[in-house]
Every structure is written in structure tokens, then in C-alpha cells.
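As C-alpha cells, the structure follows; a few thoughts come after it.
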Amino acid sequence: MPFLAPTPRHSSLSAFAELHALRTDDELDRAFMVEFATLAPGVPAAVCVDADDGASMTVRLAIGACPLRGGERVACDAWRPPASQRLPLSFRGEEFGAVLVGAVLPPDVRSRLEALLAHFATAIANLAFLDHWEQRNDAYAAKLLAIEESIALFQEEDPAVVRARLLQLAASLVQAAAGMLYVLPKVGDPDSGLFLAESLGIPESLLQSFHGMDGSPWPHGLLDGPVRIERRGDDDGAGRGLAGLDPSCMPVILHGVVVLPLRIQGVPTGVCVLFNPDVPAEEHAQLADRLELFASMAAALLYRLCIEAIAAQSRTMARELEIAESIQRRGIPTQAPSTQAYAFAWASTPAQQIGGDFLDHGMSHSGDVHAVVADASGHGINSALLMNTFRAHWRAGALTNDGGPSALAGELDRIVAHDAGAAGMFVTAVFLRLASDGSSVQLCGAGHNPTLHWRAAEGRLDVIVADGPPLGLLPGSVYGGRDVALAPGDVLLVYTDGIPEATRDGGPMFGDDRLRAAFVAAADREPAAILAAVRRALHDWTGRERQDDDVSLLVVKALVGAD
């Protein structure tokens, strides 16, 4: 019987695959109990295997406070929880036992448990198969040794060693003179293209000359189908060439080929091709079964290598994101500009580790305070990269050249269009230039949310809309702007769309009305209190610290203003 991985209905690439690497029933049982306790803590259960007489069963495992004991043989009705709490143990459609559960499980827990049982049942069968092979006569001793060595490779950490040893073991099973191991870069995706991972006894230059009967690349056509042993001159191989090879490119010395498609749960991982096997024709049928078993083991190993590579890549990416997050966090100002005319408060929270919002302020040579709140389309790495260059250009234009907001918007429009290129990304922004004496603000909005202006003396909220399109969306746009007089106590609130568009469980958005109400209710307080009030209202609405989009706010309060 071939070694197979399970085909659970709820998981195509299950997290329980490590069960197949265990070598004994005790290890398998312990691992199963750990996984079961994780899925259903405190729930009693019994793993029972049917006896030959059809009227009794053997309790393989007793978990928690179940009425049965592990190792005993009991009648089938010794414990009869409801039928819905009886989960079958089956392999290849044949039920050989059941797991009796002493509680009703939630659907998601039951689904995961069924996936675990699919792997557990297959692992039981696999161990039984291995035990069967170990008890065969001495004629199979060399083959069994190769199989055992392939199992030991589950403990090997070096991918190159695993692939090389797999090919060597495969060649030893059929006494092949040469062979190749081809692997899919993306497990399960034949379109990702096979690459030669290992070769034995054959020059790569010769392999590169091989092609299929129709001129197609070789050996891509070998991923499907069963394990097969072909000899030159066989009726079933004469019309299509050995292993699909065009006869015109086959060396004269090539007289036989073994093809091992490597699959786990029906998912292809690669193919192993062996040349000139030394196997008598009468042993082909029996050997095919053993090769199927080996191919399944090899596929499981390649799958493990793929998963480990993905995990390593994820760890590397996580470290890089942590560094990027730290760099981006340092780009947010930590101190307010040194001015007696204004008080400030600000905050920026990305939806992910890094985001596409940008918030900054600083004082120019003239003593005016420049500030900006910007939002790159989308969020995440692409937005953060675009915003990184935006920050450098904003600082150069606003703080060094001391240009006005409208002119600066026009210049940044050209820069964003160039940096975004064909990606279709853009940036919305509000640029402010606060007069050094606190009397006014020059303001320009580029496709951004309205700026809110609380006029303290009049008790009125003004909504200042954008003066032009987003930066980079329509290159060459001309941006207008406005001068707004400020009085003592006046407050400006600039924010990104992550606030009004934040939702509660995917339902209604926080919206402009709630934002403005929270702002007006706190407008007579200090900037930090205003900021806290708006953020608290947002949190109370969504119930989350992080929203689906980046969230940034800037509060500016005039302390002196115009008379």
C-alpha cells in the first residue's frame, strides 16, 4: 500500500502534517492528545479501534474523564454518546474506528477536529504500513532500509542534503545508474515551473537537450499520472518515447526509465526520474507499490522543505517590517515646534506594521510653522515607500525653501506622479503654513478630507474643502489655496480618511458627523485633550485600537491670533 497523506475536507494543506513524521504509535498518540487538548480543552473523549469480531472495540486512547480506559477491550455500546458526537476514523473510505466525544463541539472546533482525525487516521495507517514492510522477508531488506532512511530525513534541516539523499535513495530502490529530482518552486502550482534540484550520474548539459514528443519542455508532462516503469521497446512506451521523451534526443544507452510523480494529498511537489533501472520485469508490479510509498514520503519531505522556507521567509520579512516600522515611527515628530503662537497635538497609527500616512511639522527660517498631513493610496509597504520619498521632498520644499502651500502642492504633484509611475498610486494631503504671529494660516488641500476650523469666538465650525485633486493623479494640476484668519482659541483639525471611513464589524462607518461632533464637544480644551476625545470616540464606535486603514490626526490651536 502506498504511503498517503490525508485529504481532509476542511484543509488542503493542514497544520497537522507533522503527525506523519512520527515513528511510533506512542509518539503519534501523545501528539494527537496534545492537539486534541488544544482544540477541545477539558472535553472527554475515547479513540476506539474496531475489533475483528464486529461486536467489540479496543480503546486506543482515553482522554479526560471518559468512562473507558485506554488499552481495554469493550463492547461497542460500552459508551454511547449521541451519534453527532461520534467521529469516524477512516482511511481510503474504510472506517476502522471512531473517536467518541463527550460534549457537543462548536462547528469551527468540529471542523478542525475532523481535519486532525484525517491526518491521525492516515498516520495510523502509515505506521501500520511501515510495520508491515519491516516484517517482510529479506528480499525486501534493502528497499526497507531506503524507506527508513527517507523517514529519517524528516529530521534533516539542510534542504540540499534532503534533496540529494532523496535522489540517492530513489536510485538505490531500483539500482538506477542515473537520475534527476525536479521540484516545483511553489508546491501545488505546476505553472511555477520545475527546476532541477539534484542530478546523479548524468551531465546537466545532456538534460538540457531533452524535450517532449511535441517539442515541449521536459519533464513538465510527468507531474501527473501514476508511478511507472518503462523499458525501450515496450508496447505502452514505444509510441510516445520513454517518459515522454522525443526519441530523437534519447541517448542510445538509455534502455529504461522510472518516473516517480511526487504528490501529497494530490498536490504536486515535483518529479523524480531514474534512468536504466536494474529491475526484472516480473518484479515491476510489486516494485511499483513500494515506489508509490517512497514517492509519497518524498513528496511529504519536499512539502516540509517548502513550508520551512516560507516560514523562514516570513521570519525574515517580519524582522524587516520591524525595522521599517521603527524607521517610520522615528519619522513622526516627537516635539512640537518652538513657538508661543500655537499649541499642537498629533498621532499616527498605521493599519498594519507600516502605513501610508504621513504627518510632520517644523519651523522655517522665517519663523512660520509648516505642517502637513498626507495619505498615500492604499496602505502597507507600497504606500510606505511612496510616502518615504514624499517626506523628503516635503521637508526640502516647505522647511528649506519656505515656499507657500499652493506652490509646494504643485511641485509635489509632479514628484509623486514620477515616483508612482504606472502603479496608479497617488497622495492626498493638506499643507499648512502658520504665520509666526498666530494671526493666520495659509492652507492648501490636495484631494484630502476637509480641514475642520473651530472659530472659538463665534462658536462655529467651518469646513474647508480641498483646493485640487490628489497629488500624482492628474500630473500638472494647478492648486489653489486660501488664507484663513485665526483668533485666540481657534482650532484646526486635519485628519486622514481612516477616521471617517472606520467601521464597526464591517457595518456603518464612523462618518463625518460623529467626527465633527466629537471635535466640537472638545474644542475648548487643550490640543492633547481634543486629540484624545476624537480618538476615544473612534475607539468607542469600532471597538478596536487599529482600524482597517491608517489613522492620522493633527490638532493646532491658536494661542494669540489676530486682534
| Along principal axes, Cα extents of the range 391-491, largest first, whole Å | 48, 26, 19
| remark: Short to long, in 10 Å steps from zero, the percent of alpha-carbon pairs of the range 17-134 per bin is 13, 48, 34, 5, 0
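Tell me the relative contact order for the range 17-134 as a rounded percent, counting alpha carbon contacts under 8 Å between residues six or more apart. If you can, show how the numbers build up before the last one.
Values: 168 pairs, mean separation 31.2, N = 118.
Relative contact order comes out at 26 percent.
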| What relative contact order, as a whole-number percentage, does the chain give when Cα pairs under 8 Å and 6 or more residues apart are counted? | 10 percent
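How big is D, in µm² s⁻¹, for the range 438-557 by Stokes-Einstein at 25 °C and 0.890 mPa s if Rh is the Kirkwood radius over C-alpha pairs? Before the final figure, lay out the partial values.
On the way: Rh = 15.2 Å.
Answer, rounded: 161 µm²/s.
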| query | Within a Cβ distance under 15 Å of R514, other residues only, what is the Lys/Arg minus Asp/Glu net charge? | reply | -1
| task | Apply the Kirkwood formula to the range 334-558: the hydrodynamic radius equals the inverse of the mean of 1/r over all pairs of different alpha-carbon atoms; give it in Å with one decimal. | result | 17.4 Å
| task | Once every Cα of the chain carries one equal point scatterer and solvent is ignored, give the base-10 log of I(q)/I(0) from the Debye formula at q = 0.06, 0.11, 0.12 Å⁻¹, two decimals. | result | -0.55, -0.95, -1.02
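Arrange R110, R69 by Cβ neighbour counts within 10 Å, fewest through most, would you? Walk me through the numbers on the way to the answer.
Values: R110 18, R69 10.
Going from least to most buried by this count: R69, R110.
Taking the Cβ of L28 as the center, what net charge do the other residues with Cβ under 15 Å away carry, scoring Lys and Arg +1 and Asp and Glu -1?
-4
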| For A532 and R315, what does the FRET efficiency come to when R0 = 25 Å and r is the distance between their Cβ atoms, rounded to the nearest 0.05? | 0.10
| remark: Within the range 269-300, the residues whose backbone N lies under 16 Å from a label point placed 7 Å from the Cα of L196 along the Cα-to-Cβ direction are 271-275
| request: Between E282 and I307, take the C-beta separation as r, use R0 = 51 Å, and let me know the FRET efficiency to the nearest 0.05. | output: 0.80
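The numbers here are math on the coordinates, done by the rules we state, and not lab data. Every value quoted in this text rests on a predicted model; they were computed, and no experiment measured them. Counting neighbours? That spans all protein chains shown, and the Cβs are built from the backbone with ideal geometry, glycine included.
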